[in-house]
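Heads up, the thing below is written out as structure tokens.
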Amino acid sequence: MTALIRAVVETAALRHNLAVVRRQAPHSRIMAVVKANAYGHGSVVAAKALTDADAFAVARLEEGIQLREAGLAHRVLLLEGVFDVAQLSAAARYDFELVVHSALQIHLLQAWRGVHRFKVWLKLDTGMHRLGFLPVDFPAAYRALGECAAVEGPPVLMTHLASADALEDTQTAAQLTTFAGLVAGLPGERSIANTAALFGWPEAQGARGDWVRPGLALYGGSPFAGQHGAQFGLRPAMTLLSQVIAVKTVATGGRVGYGAVWRAPREVRLAVVAAGYADGYPRNTAAGCPVLVNGREARLIGRVSMDMLTVDVTEHAVVAPGDPVVLWGEGVPVESVAAAAGTISWELLCGVSQRVLLDPR
């Protein structure tokens, strides 16, 4: 049985993108972010392709366990840390490193009576106001971890940038200044740069630090509006492939799809493609969004349905059921589809549904 829609994951592209990141940050170690099923690419598939990374980062305990059970022995960091004794015990059993961003997590470590000692990453909230200790609370948190018998060595000092993808925004410079002032003179490694900082703030003092934490770049995407990963030498690691299941002609004035929102300005030959929002292709993607049919560009028309979408193939010589369709990836940047859908490429990649066959190569 052949799946109508597949997400082809090119492991060679993952390795290529890691090499690009290495060249971009030659003096830093790389923590490959493989959370959220490696942005939809398959966490184990991606991690096994990215074994040249120095460590992996996941959001939650179960994501890290999946890597360990697949035989990966790299350093693994839990970006959200742990929240109770059972999770802390599991983190010890699987030898995970922990982000510490709250007083609760410090208290859990202080109460730990096991033999395992944890490598921790102390997160500072320098302006994103999501996770992390505020500047006023940072000194006490740092001292508490330094005095905690469960903690191995000085913590890695980290923060997360809220607006590094907005190159004209002053927030990133302010965050970097705040971070530098707080950690000045303290022992321990530093980690600041996500993909956007890695490529957008090369002049920022300390923006890379001892560790960089690329996510989207590893999968071939650009974090910057109006730019594609190829502009940074990156290759798309995922190509979302489907096929034509029907071809028909619509007369001038005929309306296509739910809500009859699209009207044919002339006689149109359309192809029905086996892909829809149940597969992760957004319902609100605007007409005109590009796809490739038989390697040639076509344009979305009508509203995306649950299982199908329609494209204008009037100018194509021959189109028939079974013909291949590229929805994003090689030849159709995911960033272009995200823009047409009014969202970001992260959401598209992470949102590929379970009924789409993951096809690593």
| request: Could you let me know the centre-to-centre spacing of region 269-342 and region 67-81, using Cα atoms, in angstrom? | output: 37
| remark: Given 20 °C, 1.002 mPa s and a Kirkwood radius over Cα pairs, the Stokes-Einstein diffusion coefficient of region 59-162 in µm²/s is 155
| query | In what sequence, highest mean first, do 88-100, 316-328 appear when ranked by Cβ atoms within 10 angstrom? | reply | 88-100, 316-328
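Given a Förster radius of 45 Å and the C-beta distance between THR177 and ARG299 as r, what FRET efficiency does 1/(1 + (r/R0)^6) yield to the nearest 0.05? Before the final figure, lay out the partial values.
Details: r = 46 Å, r/R0 = 1.03.
The formula returns an efficiency of 0.45 here.
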| message | Under a crude label model (7 Å from the Cα following the beta-carbon direction), how far is GLU267 from LEU104 in nanometres? | response | 6.6
| query | R0 = 41 Å: FRET efficiency of ARG130 with ALA246, Cβ-based, nearest 0.05? | reply | 0.35
| Stretchable slack from ALA260 to HIS116, in nm (0.36 nm times residue separation minus alpha-carbon distance) | 45.6 nm
| remark: Answer check: region 146-284, Cα atoms, Kirkwood Rh, Rg/Rh ratio of 1.23
| request: On each of the three principal axes of the Cα atoms of region 49-111, give max minus min coordinate, whole Å, ordered largest first. | output: 37, 19, 15
| query | Simple spin-label model, 7 Å along Cα-to-Cβ: ALA166 to ALA70 in nm? | reply | 3.5
| task | For ARG361 and ARG60, calculate 0.36 nm times their separation in residues minus their Cα-Cα distance, and state this gained length in nm to one decimal. | result | 105.7 nm
| request: Round to the nearest 10 and give me the degree value, 0 to 90, for the angle of helix 11-24's Cα axis relative to the longest principal axis of the chain. | output: 50
| said: Quick check: residue separation of CYS350 and LYS48 times 0.36 nm, minus the Cα distance between them. What number comes out in nm? | reply: 106.9 nm
| query | Local charge sum around ILE344 (other residues, Cβ-Cβ under 12 Å, Lys/Arg +1, Asp/Glu -1)? | reply | -3
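Can you give the FRET efficiency for GLN231 and VAL318, using 1/(1 + (r/R0)^6), R0 = 30 Å, r = Cβ-Cβ distance, to the nearest 0.05? Before the final figure, lay out each step's value.
Details: r = 34 Å, r/R0 = 1.13.
The value I calculate is 0.35.
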| query | Can you give the net charge of the other residues whose Cβ lies under 11 Å from the Cβ of ARG60, counting K and R as +1 and D and E as -1? | reply | -2
| Restricting attention to the alpha-carbon atoms of region 238-360, what are Rg (one decimal) and Dmax (integer), both in Å? | 13.5, 43
| task | Compute the Rg/Rh shape ratio of the chain: radius of gyration over Kirkwood radius, all on alpha-carbon atoms. | result | 1.05
| note | At q = 0.21, 0.23 1/Å the base-10 log of I(q)/I(0) from the Debye formula over the alpha-carbon atoms of region 1-119 is -1.13, -1.26
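Read-outs: derived from the displayed coordinates by stated rules, not from any lab. Just so you know, these numbers come straight off a predicted model, no measurement behind them. We place every Cβ from the backbone using ideal geometry, glycine too, and count neighbours over all the protein chains shown.
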